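One structure is given here, and the rest of the page talks about it.
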Amino acid sequence: MNITKYQKVIFSLLAIIAVFTLASCQKPVKLPALAKSDVVVAFGDSITFGTGAESQESYPAVLEQMIGRKVVSAGVPGEITAEGLSRLPQILEQEKPALLILCHGGNDTLRRLGRKQAAVNIREMINLARQRGVEVVLIAVPAFGLSVSPEPLYREIAEELKIPLEEKILSSILADSSLKSDLIHPNAAGYRRMAEAVATLLKKSGAID
């Protein structure tokens with residue numbers, strides 16, 4: 001049977017769809033269950049700090065109430081990934097967390113510092129945590145542009161290092177004006193939505209029940 005060019009294109013598209021369908025059906029990466037006494041560190045920049053809302057409305061503060069574990073907010077507004085990488089060891093030593101929630105890289109994008117170096121720094125932060133026996137969850141920061149879409153580097157890192165990823169929540173929040181305090185920061189409602197998404201990911205991964 002002769003296969004036309006059109007049929008070859010169709011077969012190729014079907015194969016691509018099958019790959020993405022299989023990937024979407026894969027089970028989430030599992031984490032050890034957190035004890036009630038375990039500490040969680042939320043590490044990042046202004047989004048972790050909670051710029052645009054009161055401190056008690058930041059996503060780490062809301063998440064703490066949702067999951068019943070201490071969540072330390074370690075966000076520094078304006079910080080780039082190179083600075084975060086330098087700061088992280090002290091935070092890990094000071095807080096001795098069981099879990100690190102990493103949300104970083106937005107300022108690298110805004111300052112046009114380069115996707116490649118940001119990815120290197122984020123990988124190094126994950127490796128630093130793992131070397132100390134700390135589990136890691138990654139939150140994707142949008143690629144700011146004409147559309148607020150997830151930056152692909154986060155999925156690449158999560159798949160490579162096999163860590164749980166919340167890929168879409170920030171893009172969803174920043175695409176909705178009712179959930180933003182300005183162009184790049186959530187408001188209180190947005191941070192609550194973010195905390196809900198992270199809590200859901202922790203449940204799916206087995207970190208909490």
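Descriptive notes on the structure:
- ASP38 vs. criteria touching a Pro at 6+ places or on another chain (Cβ under 9 Å) and over 14 Å from ILE139 (Cα atoms): yes
- Test: SER86 is surrounded by fewer than 19 Cβ atoms within 10 Å (Cβ to Cβ) and under 15 Å from the mean Cα position of the chain (by Cα): no
- Residue that is touching a Phe, Trp or Tyr at 6+ places or on another chain (Cβ under 7 Å), within 25 Å of PRO150 (Cβ to Cβ) and assigned to a loop (DSSP other than H, G, I, E, B), where the choices are ALA53, ALA74: ALA53
For every residue, the table says whether it meets (1) in a strand (DSSP E or B); (2) more than 21 Å from PRO77 (Cα to Cα).
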{"position": "ARG112", "(1), (2)": "no, no"}
{"position": "LYS116", "(1), (2)": "no, yes"}
{"position": "LEU128", "(1), (2)": "no, yes"}
{"position": "VAL137", "(1), (2)": "yes, no"}
{"position": "GLU160", "(1), (2)": "no, yes"}
{"position": "LYS203", "(1), (2)": "no, yes"}
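- Filtered residue count, the stretch 167-188, keeping only those that are of a type in the set (A, V, I, L, M) and either at pLDDT 95 or above or not in a loop (DSSP other than H, G, I, E, B) (or both): 6
- Only one entry of GLU124, GLU156, GLU135, GLU160 meets the criterion of being at pLDDT 95 or above, in contact with a helix residue (DSSP H, G or I) (Cβ under 6 Å, 6 or more places away or on another chain) and of a type in the set (D, E, K, R), and that entry is GLU124.
So that you can scan it fast, the table gives a plain yes or no per residue for (1) surrounded by fewer than 21 Cβ atoms within 10 Å (Cβ to Cβ); (2) at pLDDT 95 or above; (3) small (Gly, Ala, Ser):
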| site | (1), (2), (3) |
| --- | --- |
| VAL9 | yes, no, no |
| SER12 | yes, no, yes |
| ILE17 | yes, no, no |
| VAL39 | yes, yes, no |
| ARG111 | yes, no, no |
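- One residue alone among ILE163, ILE173, ILE184 is over 17 Å from THR51 (Cα atoms), hydrophobic (A, V, I, L, M, F, W, C) and crowded, with 20+ Cβ neighbours inside 10 Å, and that residue is ILE163.
- Test: residue in the stretch 67-76 that is modelled with pLDDT of 95 or more and more than 24 Å from ASP38 (Cβ to Cβ): no
- Within the stretch 118-144, no residue that is free of Cβ contacts under 8 Å to residues at least 24 places away in the same chain and closer than 17 Å to SER46 by Cα sits with its Cβ atom under 7 Å from a residue that is crowded, with 23+ Cβ neighbours inside 10 Å and polar (S, T, N, Q) at 6+ positions apart or across chains.
Residue by residue, here is whether (1) surrounded by fewer than 19 Cβ atoms within 10 Å (Cβ to Cβ); (2) in contact (Cβ under 8 Å) with a residue 40 or more places away in the chain holds:
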| site | (1), (2) |
| --- | --- |
| LYS36 | yes, no |
| ALA74 | no, no |
| GLY78 | yes, no |
| GLN90 | yes, no |
| GLU95 | yes, yes |
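- Test: residue in the stretch 156-178 that is of a type outside the set (Asp, Glu) and free of Cβ contacts under 8 Å to residues at least 12 places away in the same chain: yes
- Residues of the stretch 78-96 satisfying the condition of being part of a helix (DSSP H, G or I) and of a type outside the set (A, V, I, L, M): THR81, GLU83, GLY84, SER86, ARG87, PRO89, GLN90, GLU93, GLN94, GLU95
The values are calculated or read from the model by the stated rules, or taken from the named source; none is laboratory data. As the structure is a computational prediction, the values presented were derived from the model and not from experiment. FYI the Cβ positions are ideal-geometry reconstructions off the backbone, even for glycines, and counts take in every protein chain you see.
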